[in-house]
Amino acid sequence: MDAFDADVIIFAAKRDSRGEVAIRLVSAAAASGDVIGSVVLVSEVFAAAMGVIDETELERLISIIAALDLKDVDYEVADLAGTLRTKYRLKTPDALHLATAVLWGADRFHTNNRKDFGQHFDEIEIVFP
């Protein structure tokens, strides 16, 4: 199972080379039916995209989000996010995305965020597209 960070989804909406890699990655995972993300993706992705992408890219972004099995942030996710945030010095949104992936049994967490996810994580494989 694959889980995604917001930056990969944002790149997938773009038509540049990073976007093409991201859309192939998300599409392949979605085709297998094993693709998840935190519901936090909705606010993070759309806030980052507004004013930066055009109408076509927005439609592409909506279809990408719709292909993901978005998981709610409940007490268990929030609790693990707090632990991961402290252990790896992550920002809260990053910790929530990672905690969601770990608790739902994802094998891989895809991100372009090498700054915060460049270290070794015991809980899950980190993949940089």
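A short reminder: the numbers here are calculations on the coordinates, not readings from a lab. The shown structure was predicted, so the numbers you read here are calculated from the model rather than taken from an experiment. Cβ placement follows ideal geometry from the backbone for every residue including glycine, while neighbour counts extend to all protein chains displayed.
How far is helix 75-88 tilted off the main Cα axis of the chain, in degrees rounded to 10, range 0 to 90? It works out to around 80 degrees. If a paramagnetic tag sat 7 Å from the Cα of Ile62 along the Cα-Cβ line, which residues of the range 3-35 would have the backbone N under 20 Å from that point? From the range 3-35, the list is 9-15, 23, 27. Here r is the Cβ-Cβ distance between Ala78 and Glu125 and R0 is 30 Å; the resulting FRET efficiency, rounded to 0.05, is 0.85.
Between Glu44, Glu59, Glu20, the Gaussian network model of the chain with springs among Cα atoms under 10 angstrom shows the greatest mean-square fluctuation at Glu59.
Among Tyr88, Tyr75, what is the fewest-to-most ranking by other Cβ atoms within 10 Å?
Ascending number of Cβ neighbours within 10 Å: Tyr75, Tyr88.
In the chain, what is the count of Lys pairs whose alpha carbons are under 22 Å apart, counting only pairs at least 8 residues apart or on separate chains? Mind showing how you got there, number by number?
Numbers: Lys14/Lys115; Lys71/Lys91; Lys87/Lys115; Lys91/Lys115.
Qualifying lysine pairs in the chain: 4.
When volume of the Cα convex hull per residue in Å³ is calculated for this entry, the matching label among [x] 103; [y] 113; [z] 93 is [z].
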